[in-house]
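The values are calculated or read from the model by the stated rules, or taken from the named source; none is laboratory data. These numbers come from a predicted model, not from an experiment. Cβ atoms come from the backbone with ideal geometry, glycine included; neighbour counts cover every protein chain shown.
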Amino acid sequence: MDNTEVLRVKDESLEHLRKVHGDDAETLIADARYGFISGLMKDVLVKPAVEKETVTDKIDRLILNRWLGIPVFLAILYGVFEFTFVVSAPLVSWINMGLDWLAGLATGVSPAWLSSLLSEGIIGGVGAVLSFIPVIFLLYIALSILEDTGYLSRAAFVMDRLMHRIGLHGRSFVTLMLGFGCSVAAVMSSRTIDNPRDRLVTILVTPLMSCGAKLPVYALLAAAFFTAYQGLVVFSMYAIGVILAILMAWLFRKRLVPGESGHFVMELPPYRLPTVITVLAHMWERGWAFLSRAGTLIFGAVVLIWMLNYFDVLEHIGRAIAPVFSAAGFGQWESAVALVFGVLAKEAVVGTFGTLLTGTEAAGGFGHVIGTQLGWTPLVAFAFMTMILLYVPCVATLSIIKKETGSWKWMLFTIAYTLALGWVAATLIYQIGSLFL
Amino acid sequence: MSKKEITVALAGNPNSGKTTVFNNLTGARQHVGNWPGVTVEKKEGFCNFQKHRIRVVDLPGVYSLTAYSLDEIIARDFVVDEKPDVVVDIVDASNLERNLYLTVQLLEMRANLVIGLNMMDVAESRGHRIDVKALSSLLGAPAVPMVAASNRGTAELLETIYGVATGGIPVSAINLRYGHDVEAEITKLEKLISGNSLAGSYSPRWLAVKLLEDDREIIKKIGQA
Amino acid sequence: MLSEILKAFKQSGEPMDLKELSRRLGTGRSALEGMLELLVRQGKLKEIYPGSEECAHCSGRSSCAYLLAGDSMGKVYELAGKPR
């Protein structure tokens, strides 16, 4: 009747069972129940023995195929960019025309400094970003479709499986994918990774997953310098980013202390047809979030830049730094200043160019100005885009890296390695490219 | 059985169609409140059958009867403390293996069980064919095929509930053994428990199993008894 | 069976989806889901999905693509690091 006696014997029993079976009694009991049910099912379920293959399973035979899975992923990614740029192109040029008209009006405004602020500063800078609202929304439509159909989880799964084969265990790709939106969010989401080694490597490699803020740069430069191949060029940026991310992750792994690595099981929800409403809703939500953030950042940056430029401060800074990049083809002071402001926020790069370069020709839109005023060739543009892809992430990302890794060391390391990687890649591309083109 | 009211507890997994069955049975004669002391919704309703009033209590949807979540504790306590005349377990026939995990535990509790084998249409569309008679006989409890979404099987369910409540349809306890070693420990604990005051409301074997599962609630109750 | 699931996690060498796991173990999908959940409750597996604990403390919630993706991402199970 003694209750403590009962509980004591219980603990003894549990200990005994754990010794004999190596498992909790709870597990043994659950197993017995499932075993009973399993046996029962054989007598109760007349047919079929195996679950019928659903439509989802059939599709997954292709999508998750060990050999075709990655090509399918790349093809779909490429398709997304093609769709985005081809469809948005006419809309973008309309918007550019509208901006030019506005800029034209602004030149008539009376105090000269106000006119300059309006036409070069605000309309030039902010306008450059606004001119690809169509690109952003189209991209997010495509992404929403990928998400809502259920494909995205397959993409993450396929990529992680690839990484496991290279020896990169853990569940990185799922969180790395968030980096396509924003590096800050991706770094924060790395908290879901238990293994500290996996987590650190994931954080370090996240900036290489081209974030949404870099898209304006690619979009504008690709439209100007590679008109027919826009989609392909932008796709290549993302692809390079992913490839280098995997490469650097593998490299970092070799240098860090080996520890336990994780394997995981992922639930892949059934495919479904997305509804127009949800796709549009997602598109609107994300697109709006992106644009409002970009818009505010740019507005602030643009005014700041314009002020500094009015007083020639920036030109001095730019000329001091520029020579470093001449080997990569973009050794102009405007480019250097753009890169510097890019550390504050990647959206600022475009805004900087927009403000510093005068006038916006209607015909080719904004990108052409860069070509004519800075003397860029498509090769330079490509090298510059690669630089943007790889070099120092924005301060928000840097600060979250410091916060999540708990030390300055890794933040500084990130600055160093991304800068080096970016510079080397851009220079190589320009130098080697110059030999052939 | 002289009393005019039959109490029926409605159990089942979430998404098994339990709510639909509840609505089919009680229609507009239901009201919503809370389980005592908690913010979990409690639905009760009434219907009539053969001059008996049937009170249907909708238990929270649960996948098993452990002490890990409040919903499970509520469901479990209701079956033990209130001792409903019948427990109806709504089972999703297209997800049989998973749903039966709860069924097995209800049978272990010696509940007067009726199995509502719901979503038979979905199971069929997936190519499953279920031998309902075999299911009933192997589990020792009557099973009623249903498609609650089209209100099919409700009359048969009521009949079966009535049959079980009045003793017309027998429900036998299943013989689930957990393996030699575990059974040995169960026997040991059973002997010690039969002196405990809890043994009145719960079956000693069930208590022993719960103890081995390290069930927090039962351990607490034993400590307090 | 439950311990076989854990073994599969440790020995698999690569990520698996539920279909693969159920094929490997010879268990039906629906029973497998129940077992995985039990293992999560016992603290032996960790379940990660949009809206799980980690997300609660994250200030990026409002713009998080993972959260917005909702159930198109599906749950991820991995071995829990520390015992409960």
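What to note about this one:
- Verdict on A:ILE29 being at pLDDT 90 or above, within 14 Å of chain B (Cβ to nearest Cβ) and either assigned to a helix (DSSP H, G or I) or more than 28 Å from A:PRO270 (Cβ to Cβ) (or both): yes
Every residue, every condition in (1) surrounded by 17 or more Cβ atoms within 10 Å (Cβ to Cβ); (2) within 14 Å of chain B (Cβ to nearest Cβ), yes or no:
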position: A:VAL55; (1), (2): no, yes
position: A:ASP60; (1), (2): yes, no
position: A:ILE63; (1), (2): yes, no
position: A:ARG66; (1), (2): no, no
position: A:GLY69; (1), (2): yes, no
position: A:VAL86; (1), (2): no, no
position: A:MET97; (1), (2): no, no
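- Meets criteria (touching a Ser or Thr at 6+ places or on another chain (Cβ under 7 Å) and at pLDDT 90 or above) for B:PHE22: no
- Cβ pairs under 6 Å, 6+ apart, first in the stretch A:233-249 and surrounded by fewer than 21 Cβ atoms within 10 Å (Cβ to Cβ), second in a helix (DSSP H, G or I) and at pLDDT 90 or above: A:LEU244/A:LEU208; A:MET248/A:VAL205
- Among the residues making up the stretch B:183-216, a single one is hydroxyl-bearing (Ser, Thr, Tyr), more than 10 Å from chain A (Cβ to nearest Cβ), surrounded by fewer than 15 Cβ atoms within 10 Å (Cβ to Cβ) and closer than 20 Å to B:GLU82 by Cα: B:SER201.
- Scanning the stretch B:18-47 for residues that are surrounded by 17 or more Cβ atoms within 10 Å (Cβ to Cβ) and touching a helix residue (DSSP H, G or I) at 6+ places or on another chain (Cβ under 7 Å) turns up B:THR20, B:VAL21, B:ASN24, B:LEU25, B:TRP35, B:LYS43, B:GLY45, B:CYS47.
- The listed residue being outside the structural domain of B:MET120 (by TED's automatic domain parsing) and either part of a strand (DSSP E or B) or out of contact with any Ser or Thr (no Cβ under 6 Å at 6 or more places or on another chain) (or both), out of B:LEU207, B:LEU138: B:LEU207
- For the stretch A:135-182, a residue qualifies if it is part of a loop (DSSP other than H, G, I, E, B) and more than 8 Å from every other protein chain (Cβ to nearest Cβ), and the qualifying residues are A:GLY167, A:LEU168, A:HIS169, A:GLY170.
- Among the residues of the stretch B:139-182, the one identified as closer than 30 Å to B:GLU213 by Cα, among the polar types (S, T, N, Q) and either within 11 Å of chain A (Cβ to nearest Cβ) or crowded, with 16+ Cβ neighbours inside 10 Å (or both) is B:ASN175.
- The set of residues in the stretch B:85-102 that are more than 9 Å from chain C (Cβ to nearest Cβ) and either surrounded by fewer than 20 Cβ atoms within 10 Å (Cβ to Cβ) or over 20 Å from B:LEU207 (Cβ atoms) (or both) comprises B:ASP85, B:VAL86, B:VAL88, B:ASP89, B:ILE90, B:VAL91, B:ALA93.
- Qualifying residue in the stretch A:246-266 (condition: of a type in the set (Gly, Ala, Ser) and under 20 Å from the mean Cα position of the chain (by Cα)): yes
- B:SER125 being away from chain C (no Cβ under 12 Å), surrounded by fewer than 20 Cβ atoms within 10 Å (Cβ to Cβ) and free of Cβ contacts under 8 Å to residues at least 60 places away in the same chain: yes
- Taken over the stretch C:18-38, the residue count meeting the criterion of being buried (at least 21 other Cβ atoms within 10 Å of the Cβ) and more than 12 Å from chain B (Cβ to nearest Cβ) is 1.
- If the condition is being modelled with pLDDT under 90, among the aromatic types (Phe, Trp, Tyr) and surrounded by 16 or more Cβ atoms within 10 Å (Cβ to Cβ), then the stretch A:397-437 contributes no residue at all.
- Looking across B:LYS51, B:LYS4, B:LYS18, B:LYS42, one residue alone is closer than 23 Å to B:LEU139 by Cβ and more than 14 Å from chain C (Cβ to nearest Cβ). It is B:LYS18.
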